[in-house]
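Asker: If you scroll down you'll find the structure; I have some questions about it.
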Amino acid sequence: MSEVRGVNWSEGRPGIGLTPEERAIEQHLELLDRVIGLEQQVTELKSANVLGPSETIAVERNLAAMRSSMTWRAGRLVTLPIRAAKVVKRRILG
Amino acid sequence: MSTPDDPGRGRFEAWIDGAGLAPDEPRRAIDAVLAAGVAPSQVRLVVRAAEAESAEQPASEARGAGVEVIDADPVSLSERLANTDAEFIVFVRAGRVLPDAFAHLAAYFDRYPRLSAVYGDSTTETGAPLLRPMASPVRLLGNDYLGPVVAVRADALRRIGGFRPDARRSQVLDVVLRLDRIGAEISLLPAMLAIEDLHHDDFAGTSDAQRGVVEHELRERGIEARVEDVEPFLRRVRFEVVGDPLVSVVIPTRGSAAEIGGVDRVLVVEAARGVIEGSTYENVELVVVADAETPPTVIEELERIAGDRLRLVLWDAPFNFSGKMNRGAAAARGEYLLLLNDDVEIVTPDWIETMLGIAQQPGVGIVGAQLYFEDSTLQHSGQVYTGGVAGHAAFGWEGGRDDSIKSLNVDHEVSGVTAACALMRRDLFLEVGGFSLAFPGNYNDVDLNMKIRATGRSAVFSPWARLYHFESKTRDPRILDTDISTLQSRWARRMQVELYSRML
């Protein structure tokens, strides 16, 4: 099949746009997604747990595994002076 | 709350299923339960009268260890249930519990008192993990994935009337299906609870019993379906399509051509031909959202193939996949939308019936298909979400490969499905705001799946609806920083751990 680029297939064709009702649906989708998106962003910022039982346990186990890893422990050791300095600074400067 | 040092003595009764076990296995299972801190008076070995001869030695050993032997007859089981003081019945099937299994179960039930039944992970004898999926009602019909340890609240068991006579040899699956039917919460405890004795052969006739239980459950739920054996312990449930709903196949395109298998072809034309001529489901309309620069010859070919079943919609704005799909959905008249990329080729002619039958089940939001690359390696078997980003399960696996819990041979719940081929109700699409324009090229389907799941509905993958997807032929795979940051601003905390496709 040969391609004829530069020619707009829609020219002169009726019914290839949305009807007013369909256009309203398209706009409704966009608006609704914005609202849902913002709601979900707020949910993400809340401190409440948004996970179910299985997911909560899995996340806690992942965290525990990470904190018991050599990498984590080495990192804590390396950053110890910095963390100690921060505590001292906070206590002195308030 | 119980701790690993306090396994909740007296709260559990362990019922060890002796069906199909080798002579030495019941004793090993009993010893493991006792070693986990359960008193002998709280342990039962369940044997069948028909197997009394072969069970004689294990039964004798059990009695010697102070363990009661009870008959697997449902009347006996229900009688035992009526008389127990235990809070939980823990069914042990073909495996040995680990020493801290009961402590983990007690802690989990205490933390989440609303749970009615809990199952967990296991390992093989050699230590290979058998990680089980999060509660998956559709999958449970096709595969009893619950593993060797299933703990059920005794009062929940009583609430559903105990054990059903017709469910011999498959009581646990039957109980969990019935609990699911009444809305009881069933939950995965993602922790190792047992070492599993893997039996690939069906010594005890369990597979037939499971099929019978599933067929009974489908009848009870009023679901028309046929249950077909795929292999022992694995079934395909063919859901009958209810009614003859119009399915709107929404395809975005710019009329590209590509070389596939050494042959030049116009992708959208072949996709349309597959939908109209290569599919057995007939009540479809084709909604093609075409860029202005789509060659007129392509449009003419689409009109020739689809005739009055074609609705053409112009897209004359900068590229935005989400916008194009939303426009198509707005123009669609069908009760269902089948979101489809233009670079696909249909393999299984009954793909629409397969996906539609699943989409009509209660609680199901969106259904995806198995997609192959041109070289027949797997492109899509469900999406996996972890660490706030998304990928594909079993990506690049060669055809025929599967995981140890047979995920690629059973319909099952997943974190999400690709919008390259996905079917859902149109009113649900409208309810969740369709695709987000904030994701013009990538992750729009991930966001859509998350919005659907946030309504409490599930995403289901079917390996029985198969298509080729020549993705690399047309897609710019670059992911923008804004794609990831926008996705994570909405869903990061809920995309941290993958608990559906854990073995893929």
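Asker: Please go through (1) out of contact with any Lys or Arg (no Cβ under 9 Å at 6 or more places or on another chain); (2) at the interface with another protein chain (Cβ under 7 Å from one of its Cβ atoms); (3) within 27 Å of B:SER489 (Cβ to Cβ) for A:GLU26 and return the number of the only condition it doesn't satisfy.
Answerer: The one condition A:GLU26 does not meet is (1).
Asker: In addition: Which residues, taken from the stretch A:55-80, are of a type in the set (Gly, Ala, Ser) and assigned to a loop (DSSP other than H, G, I, E, B)?
Answerer: A:SER68, A:SER69 - these are the residues of the stretch A:55-80 that are of a type in the set (Gly, Ala, Ser) and assigned to a loop (DSSP other than H, G, I, E, B).
Asker: Which ranges mark the strands (runs of 3 or more DSSP E) fully within the stretch B:81-155 that have 3 or more residues being open to solvent by less than 10 Å² (accessible area, probe 1.4 Å)?
Answerer: B:88-93, B:115-123, B:149-153
Asker: Mind checking whether some residue in the stretch B:406-419 is surrounded by fewer than 24 Cβ atoms within 10 Å (Cβ to Cβ), outside any helix (DSSP H, G or I), within 14 Å of chain A (Cβ to nearest Cβ) and at pLDDT 95 or above?
Answerer: Taking every residue of the stretch B:406-419 in turn, at least one turns out to be surrounded by fewer than 24 Cβ atoms within 10 Å (Cβ to Cβ), outside any helix (DSSP H, G or I), within 14 Å of chain A (Cβ to nearest Cβ) and at pLDDT 95 or above.
Asker: Working only within the stretch B:451-471, note down all residues that are open to solvent by less than 10 Å² (accessible area, probe 1.4 Å) and within 13 Å of another protein chain (Cβ to nearest Cβ).
Answerer: B:LYS451, B:ILE452
Asker: Could I ask something else about it? Which count do you get for residues in the stretch B:273-316 that are of a type in the set (Asp, Glu) and buried (at least 18 other Cβ atoms within 10 Å of the Cβ)?
Answerer: 3
Asker: Within the stretch B:118-147, work out how many residues are under 23 Å from B:GLY416 (Cβ atoms) and among the aromatic types (Phe, Trp, Tyr).
Answerer: Of the residues in the stretch B:118-147, 1 are under 23 Å from B:GLY416 (Cβ atoms) and among the aromatic types (Phe, Trp, Tyr).
Asker: Checking B:SER60 against (1) at positive phi; (2) small (Gly, Ala, Ser); (3) without any contact (Cβ under 8 Å) to a residue 24 or more places away in the chain, only one condition comes out false. Which one?
Answerer: (1) is the only condition that B:SER60 fails.
Asker: Output the residue which, of all residues in the stretch A:35-68 that are under 18 Å from B:LEU499 (Cα atoms) and charged (D, E, K, R), is farthest from the other protein chains (Cβ to nearest Cβ).
Answerer: A:GLU60
Asker: Under 9 Å between Cβ atoms, which residue pairs at least 6 apart in sequence (or on different chains) link something in the stretch A:7-18 that is facing chain B (nearest Cβ under 7 Å) with a partner that is part of a loop (DSSP other than H, G, I, E, B) and exposed (fewer than 13 other Cβ atoms within 10 Å of the Cβ)?
Answerer: As it stands, the answer is A:ASN8/B:ASP316; A:SER10/B:ASP316, since those pairs meet every condition given.
Asker: Hey, another quick one. With the checklist (1) outside any helix (DSSP H, G or I); (2) more than 14 Å from chain A (Cβ to nearest Cβ); (3) within 24 Å of the chain's Cα centre (by Cα) in hand, flag the one item B:VAL214 doesn't pass.
Answerer: With (1) outside any helix (DSSP H, G or I); (2) more than 14 Å from chain A (Cβ to nearest Cβ); (3) within 24 Å of the chain's Cα centre (by Cα) applied to B:VAL214, the lone miss is (1).
Asker: Among the acidic types (Asp, Glu), modelled with pLDDT of 95 or more and either within 28 Å of B:GLU79 (Cα to Cα) or open to solvent by less than 10 Å² (accessible area, probe 1.4 Å) (or both), is that true of B:ASP166?
Answerer: No: the conditions fail for B:ASP166.
Asker: Another question about this same structure. Which residues, taken from the stretch B:371-391, are open to solvent by 10 Å² or more (accessible area, probe 1.4 Å) and either under 15 Å from the mean Cα position of the chain (by Cα) or among the β-branched types (Val, Ile, Thr) (or both)?
Answerer: Passing the criteria: B:THR377, B:VAL384, B:THR386, B:VAL389.
Asker: Sticking with this structure for a sec: Here are some residues: B:ALA329, B:ALA317, B:ALA306. Which one is in the same structural domain as B:MET355 (by TED's automatic domain parsing) and touching a Lys or Arg at 6+ places or on another chain (Cβ under 7 Å)?
Answerer: B:ALA329
Asker: Look at the stretch B:228-258 and say how many of its residues are free of Cβ contacts under 8 Å to residues at least 40 places away in the same chain and within 30 Å of B:PHE373 (Cα to Cα).
Answerer: Number of matching residues: 4.
The values are calculated or read from the model by the stated rules, or taken from the named source; none is laboratory data. Here the structure is a predicted model, which means the values were calculated and not measured. Neighbour counts run over all protein chains shown; Cβ positions are idealised from the backbone, glycine included. Ligands, DNA and RNA are stripped out before the accessible areas are found, and what is left, the full protein with its side chains, is counted by its heavy atoms. Shrake-Rupley method; radii C 1.70, N 1.55, O 1.52, S 1.80 Å.
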